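Trainee: Below are the structure tokens for one structure; questions will follow.
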Amino acid sequence: MPTTFEPGAPVTTGIPLCVPHLAGREWEYVKECLDTNLISAVGPFVEQFEAAMCRFLGCPHALATVNGTAALHTALLVAGVRPGDEVLVSDLTFVAPANAIRYAGARPVFIDAEPGTWQISPAGVSDYLRLHCWCDNGVMRSRISGAPVRAIIPVHILGHPANMPSLLPLAREFGLTVIEDASESLGASCGGRPVGTWGDLACFSFNGNKIISTGGGGMLVTVRPDWARRARHLSTQAKQDPLEYVHDEIGYNYRLTNVLAALGCAQVEQLRHFVAAKRRLAAAYRQGLYGLPGVILPQEADWAYCSYWLYTIRLDPVRARLDRRALLHALAAEGIQSRPLWQPMHLSPAHAGCGPQMPCPVSEQLYQQSLSLPSSTSLTPQDQARVIAAVRRALEP
Ligand SMILES: *Cc1c(COP(=O)(O)O)cnc(C)c1O
């Protein structure tokens, strides 16, 4: 049966972009939940999953949540972000962190990407704070709106870390709380220190295409015990007295269930192998696509260790034979799914006019020119060779 990948359609045959890899003890652990009747948020796998993430990252506190977006929303509330505040965030990102900022009633300030790493630009952050803000009794305020600038969410996109060694001192200088969105980059690190351990708080996602998956799920991690306690409280309906059902503020129902945490436990056991598999895929793509006219391959910065969540190439509009849309359709015709990047947040109708507008020419260009290739950790060398051959056929002069 010939397969075409219509963007957005479910994938049944052919080579998908990125699918879960359930190669470990998933069945065993989920069966244990069913056998013990512990299928809700009460159960041993939730704590085990949190502990396993703490061990992997080397961080003291973790809270499993229903998804990564819920973790981000909780992190913003814990960080004390209030309605009307400004929060700096990557312009080139999946929409979740921008939405979470809006859930908190705050205004996102979208910061452009760096051309080399595609991550949030430390120079862009510095420019905004130095040129467009002033310091009012130790609190940075926007010159445009007068609102306090409370936090920054660097999003580590596509498996490459944001430049934390440059961003962290800036955040400290200007008194911003740092919330890392490490959803796409679990397993990556900067200068040997894992993403998710640089900020005051960090969030991960385990949705269907992330490096480890629980179907849907997320995790909030932090070094601060008081913030970990508060996050747990907020995510369990802010229940103060478990017997009398006294709730001391408006809480959320954001906890992960034991069944999904069981999947998470089995997945974390395989995480190091998954990172190694992603890096092998990246090396094979690098070798297979090297020298193809107009194709710009992703770069790993010399301070970065990349987990290559999605291997994403950029097409030079002058030298490449096709643009990314035409390449997407050429690959789809051969049963190969690929995907463009996300519409930059400053262009999103959902976030139009919600905060001060900074120019973001780099993220616009990357969005116009880039395409992610199949990156499942279960992708076989044969199937990857098919993808490489198809890209070469489409782009060779
Ligand atoms: C996947 C992802 C999230 C979280 O998504 P959920 O589906 O809510 O788990 C957040 N931020 C980024 C950048 C993501 O890619």
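The values are calculated or read from the model by the stated rules, or taken from the named source; none is laboratory data. Bear in mind the structure is a predicted one, so any value in this text is a computation, not a measurement. Cβ sites come from the backbone with ideal geometry, for glycine too, and all protein chains shown count toward neighbours. Accessible surface is based on the protein model in full, side chains and every heavy atom, while ligands, DNA and RNA are left aside. Shrake-Rupley method; radii C 1.70, N 1.55, O 1.52, S 1.80 Å.
Trainee: If I go through region 295-315 residue by residue, how many of them are closer than 15 Å to Pro374 by Cα and in a loop (DSSP other than H, G, I, E, B)?
Mentor: Residues flagged as closer than 15 Å to Pro374 by Cα and in a loop (DSSP other than H, G, I, E, B) within region 295-315 amount to 6.
Matching residues to (1) within 27 Å of Cys33 (Cα to Cα); (2) open to solvent by 40 Å² or more (accessible area, probe 1.4 Å); (3) out of contact with any helix residue (DSSP H, G or I) (no Cβ under 9 Å at 6 or more places or on another chain):
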residue: Asn209; (1), (2), (3): yes, no, yes
residue: Gly217; (1), (2), (3): yes, no, no
residue: Thr222; (1), (2), (3): no, no, no
residue: Ala228; (1), (2), (3): yes, no, no
residue: Gln240; (1), (2), (3): no, yes, no
residue: Val246; (1), (2), (3): no, yes, yes
residue: Asn258; (1), (2), (3): yes, no, no
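Trainee: A follow-up question, please. Kindly indicate whether Phe49 is buried (at least 24 other Cβ atoms within 10 Å of the Cβ) and away from the ligand (no atom under 14 Å from the Cβ). Write out each step before concluding.
Mentor: Working: buried (at least 24 other Cβ atoms within 10 Å of the Cβ): yes; away from the ligand (no atom under 14 Å from the Cβ): yes.
So Phe49 fits the description; yes.
Trainee: May I pose another question? Considering only region 343-393, state which residues are over 28 Å from Arg272 (Cβ atoms), open to solvent by 10 Å² or more (accessible area, probe 1.4 Å) and among the hydrophobic types (A, V, I, L, M, F, W, C).
Mentor: Selection gives Leu347, Ala350, Ala352, Cys354, Met358, Val362, Ala389.
Trainee: For region 150-179, how many residues are of a type in the set (Val, Ile, Thr) and within 9 Å of the chain's Cα centre (by Cα)?
Mentor: Count: 2.
Trainee: Now a separate question. What are the residues in region 234-252 that are touching a strand residue (DSSP E or B) at 6+ places or on another chain (Cβ under 8 Å) and more than 16 Å from Phe204 (Cβ to Cβ), if any?
Mentor: Those that are touching a strand residue (DSSP E or B) at 6+ places or on another chain (Cβ under 8 Å) and more than 16 Å from Phe204 (Cβ to Cβ): Thr236, Gln237, Ala238, Lys239, Gln240, Tyr245, Val246, His247, Asp248, Gly251.
Trainee: Which residues, taken from region 268-300, are at positive phi and touching a residue at least 40 places away in the same chain (Cβ under 8 Å)?
Mentor: Gly294
Trainee: Can you tell me which residue among Leu292, Leu243 is assigned to a loop (DSSP other than H, G, I, E, B), under 30 Å from Leu328 (Cβ atoms) and over 19 Å from the mean Cα position of the chain (by Cα)?
Mentor: Sole residue among the options that is assigned to a loop (DSSP other than H, G, I, E, B), under 30 Å from Leu328 (Cβ atoms) and over 19 Å from the mean Cα position of the chain (by Cα): Leu292.
Yes or no, residue by residue, for (1) within 24 Å of Val195 (Cβ to Cβ); (2) at pLDDT below 95:
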position	(1), (2)
Glu249	no, yes
Leu263	yes, no
His273	yes, no
Ala283	yes, no
Tyr305	yes, no
Ala333	no, no
Pro349	no, no
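Trainee: Residues that are in contact with a helix residue (DSSP H, G or I) (Cβ under 6 Å, 6 or more places away or on another chain) and without any contact (Cβ under 8 Å) to a residue 12 or more places away in the chain: does region 97-110 have at least one?
Mentor: no
Trainee: Test Asn137 against the stated conditions and say whether it is free of Cβ contacts under 8 Å to residues at least 24 places away in the same chain and surrounded by fewer than 24 Cβ atoms within 10 Å (Cβ to Cβ).
Mentor: Judged against the criteria, Asn137 is a match.
Trainee: Further question on the same structure: Restricting the search to region 57-76, which residues are more than 16 Å from the ligand (Cβ to nearest atom) and open to solvent by 40 Å² or more (accessible area, probe 1.4 Å)? Talk me through it step by step, then tell me what you get.
Mentor: Taking region 57-76 as the starting set, the residues that turn out to be more than 16 Å from the ligand (Cβ to nearest atom) are 57-61.
Correct list: Gly58, Pro60, His61.
Trainee: Right, here's the next one. Could you please tell me which pairs satisfy a Cβ distance under 7 Å, a separation of 6+ or placement on different chains, a first residue in region 194-218 that is among the aromatic types (Phe, Trp, Tyr), and a second residue that is within 11 Å of the ligand (Cβ to nearest atom) and open to solvent by 10 Å² or more (accessible area, probe 1.4 Å)?
Mentor: Correct list of pairs: Phe204/Ser183.
Trainee: Please enumerate the residues belonging to region 180-220 that are within 14 Å of the ligand (Cβ to nearest atom), in a strand (DSSP E or B) and either more than 12 Å from the chain's Cα centre (by Cα) or over 11 Å from Ala62 (Cα atoms) (or both).
Mentor: Glu180, Asp181, Leu201, Ser205, Leu220
Trainee: I need the full set of residues from region 14-30 which are closer than 20 Å to Gly216 by Cβ and in a helix (DSSP H, G or I), in order please.
Mentor: Matches in region 14-30: Glu26, Trp27, Tyr29, Val30.
Trainee: Filter region 91-123 down to the residues that are within 11 Å of the ligand (Cβ to nearest atom), open to solvent by less than 10 Å² (accessible area, probe 1.4 Å) and among the β-branched types (Val, Ile, Thr) and list them by number.
Mentor: Scanning region 91-123 gives a single hit, Thr93.
Trainee: Moving on to the next point. Taking Gly175, is it open to solvent by 10 Å² or more (accessible area, probe 1.4 Å) and either more than 15 Å from the ligand (Cβ to nearest atom) or hydrophobic (A, V, I, L, M, F, W, C) (or both)?
Mentor: Against the criterion (open to solvent by 10 Å² or more (accessible area, probe 1.4 Å) and either more than 15 Å from the ligand (Cβ to nearest atom) or hydrophobic (A, V, I, L, M, F, W, C) (or both)), Gly175 qualifies.
Trainee: Considering (1) more than 14 Å from the ligand (Cβ to nearest atom); (2) open to solvent by less than 40 Å² (accessible area, probe 1.4 Å); (3) in a loop (DSSP other than H, G, I, E, B), say which one Cys54 fails and leave the rest.
Mentor: With (1) more than 14 Å from the ligand (Cβ to nearest atom); (2) open to solvent by less than 40 Å² (accessible area, probe 1.4 Å); (3) in a loop (DSSP other than H, G, I, E, B) applied to Cys54, the lone miss is (3).
Trainee: In region 347-368, how many residues are assigned to a helix (DSSP H, G or I) and either in contact with a helix residue (DSSP H, G or I) (Cβ under 6 Å, 6 or more places away or on another chain) or of a type outside the set (S, T, N, Q) (or both)?
Mentor: Within region 347-368, residues that are assigned to a helix (DSSP H, G or I) and either in contact with a helix residue (DSSP H, G or I) (Cβ under 6 Å, 6 or more places away or on another chain) or of a type outside the set (S, T, N, Q) (or both) number 9.
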